[in-house]
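Reading through the structure tokens given below for one structure.
The values are calculated or read from the model by the stated rules, or taken from the named source; none is laboratory data. Because the structure is predicted, anything quoted here is derived from the model rather than measured. Note that each Cβ is placed from the backbone with ideal geometry, even for glycine, and that neighbours are counted across all protein chains shown.
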Amino acid sequence: MHLVGDNGGMVIALHAMERMNAFWRAEVNLNVTLFASMALLLLVVVYAYYTQINRADETRDIMSAERSTRDAMLANGEAGLWSFEPATRRAILDGSASAALGLGSQQREITYRELLGLVHPNDRHGLARNLRPSDNGLIETNIRIRQDDGRYRLLQSVRMRQSSQAA
């Protein structure tokens, strides 16, 4: 009921309950839909946030492992030294190269066949040619060697000496 004018007139408006309930249901449905959409959007944002935090943690762990491997390689003052003796066809990994590959911290001597098993398949082609010494007795090559976890590590500009010139 609404008052109309100053003389005490009143207006009474009647609506069918079905129309009023339909309008009310539509308003409630809209509000519930908006609330659910906002809640879903908030869930997606929170999920993306925590996914990024996990990625950052994983990256930090990988970088920490890489840093510790690099520190292990630099422990002997050189970065992962190893030598190759063409006469006996044996490779000798020093302690830092062994530690970087996850093979322990002791010096290791491996055969050419074992070396081929550790070298990345794409680097095997022409490896024997790359292991020939130059005029000064040094052999410089870049190869990828498999670590104990199955991943490959690139040993760059590795200097290998013949056994007669090894220091």
Self-check item: Unique residue being of a type in the set (A, V, I, L, M, F, W, C), touching a His at 6+ places or on another chain (Cβ under 8 Å) and modelled with pLDDT under 80 when the list is ALA13, ALA75, ALA100, ALA79
Solution: ALA13
Quiz item: Would you say HIS125 is in contact with a strand residue (DSSP E or B) (Cβ under 8 Å, 6 or more places away or on another chain) and surrounded by fewer than 18 Cβ atoms within 10 Å (Cβ to Cβ)?
Solution: no
